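Working notes, beginning with the structure itself.
The values are calculated or read from the model by the stated rules, or taken from the named source; none is laboratory data. Predicted model, so just to flag it, every value in this text is computed and none were measured. Note: ideal-geometry Cβ built from the backbone for every residue, glycine included; neighbour counts use all protein chains shown.
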Amino acid sequence: MTSLYDEVQAAPAAGVEVRRITVNVNGTDRTVDVEPRLLLAHLLRQALQLTGTHSGCDTSGCGACTVLMDGRPVKSCTVLAVQANGREVETVEGLATASELHPIQEGFKEEHGLQCGFCTPGMMLSAKALLERNPDPTEDEVRWALSGNLCRCTGYQNIVKSVLWAAKKMREQNQEA
């Protein structure tokens, strides 16, 4: 089965020039040749093999493809790869270090914030953006920040608890530092 990425890269539209772009992904500059119509979601999943970015609806409704671009959550199924040229993109693979989970990942584990896991990467990155601008959110603020991400399994309560758990841990870590 071929992907849209494979089709676009194998058969560029007539008269369309492939463009070379450089995107800083999870702290590493990545230079790739892309056709201008290629979506960021497809670049991440197929060209860069970062499969934590999920494609659920391709219409920006579900949020499974959410990544951070320059620190702000974006639905990568609605962003062209060329729009990420010269920008910083963080995927769920960029959260953990080689030796430890990010507090948000720990929170999802500790508070049972996932079931099937399909929506989890987008939820985590939306939560990260929230906690970077508001380290002590209320439950309502967490729910609002995650409102662009759909989960069909959990009922959201444990997801919210996971984010609040992570917020508390991050505040404690900052106080120790």
Report, ordered by the first and then the second residue, all pairs with beta carbons closer than 6 Å, sequence separation of six or more or different chains, a first member in the stretch 107-118 that is over 13 Å from residue 164 (Cα atoms), and a second member that is outside any loop (DSSP other than H, G, I, E, B) and not charged (D, E, K, R).
114/108; 114/120
Report yes if some residue within the stretch 161-172 is surrounded by fewer than 20 Cβ atoms within 10 Å (Cβ to Cβ) and closer than 20 Å to residue 62 by Cα; otherwise report no.
no
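Residues to consider are 70, 58; find the one that is of a type in the set (Asp, Glu), touching a Ser or Thr at 6+ places or on another chain (Cβ under 9 Å) and in the same structural domain as residue 30 (by TED's automatic domain parsing).
Working: 70 fails: touching a Ser or Thr at 6+ places or on another chain (Cβ under 9 Å).
Sole residue among the options that is of a type in the set (Asp, Glu), touching a Ser or Thr at 6+ places or on another chain (Cβ under 9 Å) and in the same structural domain as residue 30 (by TED's automatic domain parsing): 58.
Every residue in the stretch 87-121 that is small (Gly, Ala, Ser) and touching a Leu at 6+ places or on another chain (Cβ under 9 Å), please.
First, pick out the residues of the stretch 87-121 that are small (Gly, Ala, Ser): 94, 96, 98-99, 107, 113, 117.
Within the stretch 87-121, 94, 107 qualify.
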Here are the criteria: (1) touching a Lys or Arg at 6+ places or on another chain (Cβ under 6 Å); (2) more than 18 Å from residue 32 (Cβ to Cβ); (3) crowded, with 17+ Cβ neighbours inside 10 Å; (4) not charged (D, E, K, R). Tell me which single one residue 107 does not satisfy.
(1)
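Against the condition at pLDDT 95 or above and among the hydroxyl-bearing types (Ser, Thr, Tyr), how does residue 97 come out, does it pass?
Details: at pLDDT 95 or above: no; among the hydroxyl-bearing types (Ser, Thr, Tyr): yes.
Here the answer is no, as residue 97 does not meet what is asked.
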Being at pLDDT below 95 and part of a loop (DSSP other than H, G, I, E, B), is that true of even one residue in the stretch 37-46?
yes
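Quick one: count up the residues across the stretch 129-177 that are among the hydroxyl-bearing types (Ser, Thr, Tyr) and farther than 21 Å from residue 71 by Cβ. Steps first, please.
Filtering the stretch 129-177 for residues among the hydroxyl-bearing types (Ser, Thr, Tyr) gives 138, 147, 154, 156, 162.
Filter once more, keeping what is farther than 21 Å from residue 71 by Cβ: 138, 154, 156.
Selection size over the stretch 129-177: 3.
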Filter the stretch 37-95 down to the residues that are of a type in the set (Lys, Arg) and more than 12 Å from the chain's Cα centre (by Cα), then identify the one that is surrounded by the fewest Cβ atoms within 10 Å (Cβ to Cβ).
37
